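Structure record follows, encoded as structure tokens.
Rule-based calculations on the coordinates, nothing more; no lab input. The model shown is predicted, which means the values in this text are computed figures rather than measured ones. For neighbour counting, all protein chains shown are included, and Cβ atoms are generated from backbone atoms with ideal geometry for every residue, glycine included.
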2 protein chains.
Amino acid sequence: MTSDKPISFARGAPSLDIVDSEGLRTSAQRALTEDPAGAFSYGTSGGYGPLREWIAERHGVDTDRVMVTNGSMQAAAFLFDALVDDGTEVVIERPTYDRTLLSLRQRGARLHAIAVDADGLDVDALATELSDGASPSLAHVIPNFHNPAGSTLSADRRTRLLELAGEHEFTIFEDDPYTELRFEGERLETMVSREPERVVYASSFSKTVCPGIRVGYLVGDPELMDGVRKRATNTYISPSMVAQAIVNDFCRSGAIDSSIATVREALRERARTLAEALEEQLPQARFTPPQGGYFLWVDLPEGSDVAAMFDAAAERGVQFVKGTDFMLDGGESSFRLAFSGVTPDEIEAGVGRLADAARSAGIGD
Amino acid sequence: MTSDKPISFARGAPSLDIVDSEGLRTSAQRALTEDPAGAFSYGTSGGYGPLREWIAERHGVDTDRVMVTNGSMQAAAFLFDALVDDGTEVVIERPTYDRTLLSLRQRGARLHAIAVDADGLDVDALATELSDGASPSLAHVIPNFHNPAGSTLSADRRTRLLELAGEHEFTIFEDDPYTELRFEGERLETMVSREPERVVYASSFSKTVCPGIRVGYLVGDPELMDGVRKRATNTYISPSMVAQAIVNDFCRSGAIDSSIATVREALRERARTLAEALEEQLPQARFTPPQGGYFLWVDLPEGSDVAAMFDAAAERGVQFVKGTDFMLDGGESSFRLAFSGVTPDEIEAGVGRLADAARSAGIGD
């Protein structure tokens, strides 16, 4: 690899080598042969029936609680259309996914940004905010391998968050696209499985099948889902039945299990390589090694000029996303590194360039 | 066929026998083999690059004028989000596609409903409305094989409509999903090809490839398209690359041409069978035989109770859509018959039941 080859830690997307292209081709052929009527005709806005049933079984819920969409961001957009108006109070995490932040701001939500630490959302800070008069109707939480923070909401905090939601009568939006990508530690129970009337759950096949297929889903209260489905009908009649029929075959044939195993193994190695390279080459970086997912969040010493480092990194052919992109304010000395799209070799070379960029931006040890 | 088998003239969708299932499987296999990176990765909100280019070439425009979406209804929704606010004046046709009507009403548009006759939108009536002070910023027009009216906007009226749009400075939304389905007469020039700065054009692959793939597109002013693409990015990042890569192969391999030939031939026979059956069995029906598309619009003598006939038809296992569904008011003695999803045998049997339902609803000769 020449030092000129661009290396991107910016985008939360898998490299093609961890997508099961052959399995997807096989599933396409089988799905389009076995159910041409279902794949090629208009469907309903709830999604392709057999996939909807597969998801319902995985979650142990009735099918009318499930709705499958063209990616989970589209699912979130429909949900926000249903629940968020101008002035609606919404709890968000700080930092949080930049697209969610934008989506809520565009709808005029009044945002309460609550800090995320190594154990996820700071529920004590949320409790204080609620005592101080915040009256949210919705709380957006990314419980596993947070984007961008990398951290996971602990079991105790899940319990506490559900209690607060009950006491203060708000809905939790459990936004969980990375859940299958755990490469260390024990899987934690979802909040939706504990309080199905209090939580709307979203997940996606972007990280377990592939992003280009654009299939995600919601699990929630049947009445709320009914309203969301009506919005979907009025927007696009039905999502892509061809895409969802392919995903359905990929799931039911078991290809998804080997795909997940491949992805987890690659991410484990990439995360370890990244952590080691940072410790060695950028010792001023503070971070919590993630237990899964795509992201590692780096805090540099207060006062570090990450904006200048960003420009210096770009000159050296390496990209990341600045911390400020994930917050309403603050984040100037932090940034997000995605390790999903880069090989271990690229990670080592990329961190070398980052360290050089940091020096050039006057960020000392 | 027993007389009990339900027959639906309700849904504007093709029967599976006129979908090229084998061609779609071949295109899926080839597209996912030749460009896995493009099909399986996140794309951009403008759509799958090669398909966008193919559409741009077909329209003889630059690629930045084209945006490919998850179906053309989604395209219309983005466009309305960009152009229609509470109180925006919009010209619609009377009758018009029920979902467009709903979509515009939900956005709070002030609607000017202008009649459609055998030559499409009554441009003289529109001119009068404009003289009387209507000040629309948008006019929604279905120029070919209208849904639900079945008629086609004549060449002279297209010219006049473009003149009115220029004089009164409104944008024409040329909504043209049926254009390839002409089975009689000469193809007419699109309005967007004559006045690209005045017209936004939408079409779809639902009628030429299949509906379940959910691929449609817009052609319009690059600046407007840029704004629409931003909305798409914020809603779903990118449309289904897998679906669009399959459509791209289907188009470029020439499969689409034989598919269109098959569909046209079937529709020609279905439309002729329907017209003959109506003349014979429901002589009180007045209609203009369509030159293409999916729909035939029936007017019954004034005072005919189509709502009662609808119920009587349902009892006899036959469905259609009432005229009232396509208008803000009126349409009580009219209805829409879709011949896209029924075989000639079903059409003959279905019209027999319709005639029986009309008699039972007191609709005489």
Exercise for the section: Counting other beta carbons within 10 Å of each Cβ, put B:346, A:269 in order, fewest first. Expected result: A:269, B:346
Practice task
Could you line up A:54, B:297 from fewest to most neighbouring Cβ atoms inside 10 Å?
Solution key: A:54, B:297
Exercise for the section: May I ask which of A:207/B:207; A:5/B:230; B:207/B:322; A:230/B:322; A:5/A:322 have a Cα-Cα span longer than 25 Å here? Expected result: A:207/B:207; A:5/B:230
Handout entry: Average other protein chain Cβ within 10 Å of Cβ, residues B:242-250
Key = 4
Practice task
Per residue of B:231-239, count partner chain C-beta atoms within 10 Å of its C-beta, then hand back the mean as an integer.
Solution key: 6
Fill in the blank from the handout: The distance between the Cα centres of region A:299-318 and region A:53-93, in whole Å, is 36
Fill in the blank from the handout: region A:15-154: relative contact order from alpha carbon pairs under 8 Å, six or more residues apart, as a whole percent, is 18
Completion exercise
Rounded to a whole number, the mean other protein chain Cβ count within 10 angstrom for residues of B:25-32 is 5
Problem - Spread of Cα-to-Cα distances over 20 Å intervals beginning at zero, given as percent, for the protein assembly as shown - result: 17, 46, 30, 8, 0
Fill in the blank from the handout: Rounded to one decimal in nm, the spacing of the 7 Å Cα→Cβ label points at residue A:44 and residue A:307 is 5.2
Problem - Counting DSSP beta bridges with both ends in chain B, the antiparallel % (nearest 5) - result: 50
Practice task
Could you pull out every residue, at least 5 positions away or on a different chain, whose amide H is within less than 5 Å of the one on residue A:288? Hs are placed 1.01 Å off N in the peptide plane, and Pro or chain starts have none.
Solution key: A:297
Completion exercise
Going residue by residue through region B:159-169, the Karplus relation 6.51 cos²θ - 1.76 cosθ + 1.60 with θ = phi - 60° gives ³J(HN,Hα) values, rounded to whole Hz and with x marking Gly or Pro, of 4, 5, 5, 5, 4, 4, 5, x, 4, 9, 6
Completion exercise
Expected vector for region B:108-120, Karplus 3J(HN,Hα) from phi with 6.51, -1.76, 1.60 and θ = phi - 60°, integer Hz, x for Gly and Pro, equals x, 5, 8, 9, 10, 8, 10, 4, 10, 10, 5, 9, x
Exercise for the section: Subtract the Cα-Cα distance of residue A:115 and residue A:128 from 0.36 nm times their separation in residues, and report this length gain in nm to one decimal. Expected result: 3.5 nm
Practice task
Using a 10 angstrom cutoff on alpha carbons, build the Gaussian network for chain A and name the most mobile of A:95, A:143, A:50.
Solution key: A:50
Exercise for the section: Under a 10 Å cutoff between Cα atoms, tell me which one of B:125, B:232, B:275 has the largest fluctuation in the Gaussian network model of chain B. Expected result: B:125
Practice task
Arrange B:45, B:131, B:8 by Cβ neighbour counts within 10 Å, fewest through most, would you?
Solution key: B:131, B:8, B:45
Practice task
Just subtract the alpha-carbon distance of residue A:193 and residue A:223 from 0.36 nm times their residue separation and send over the number in nm, one decimal.
Solution key: 9.1 nm
Fill in the blank from the handout: The set of residues whose placed amide H lies less than 5 Å from the amide H of residue A:110, leaving out same-chain residues fewer than 5 positions away, is A:87, A:88, A:89, A:90
Exercise for the section: In whole Hz, with x marking every Gly and Pro, tabulate ³J(HN,Hα) for region B:178-195 from phi via Karplus 6.51 cos²θ - 1.76 cosθ + 1.60, θ = phi - 60°. Expected result: 9, 3, 6, 9, 6, 10, 8, x, 9, 5, 9, 5, 6, 6, 5, 6, 8, 9
Practice task
With a Förster radius of 35 Å, plug the Cβ-Cβ distance of residue B:257 and residue A:15 into 1/(1 + (r/R0)^6) and report the FRET value to the nearest 0.05.
Solution key: 0.40
Exercise for the section: For region A:21-255, build the convex hull from the C-alpha positions and give me its volume per residue in Å³. Expected result: 115
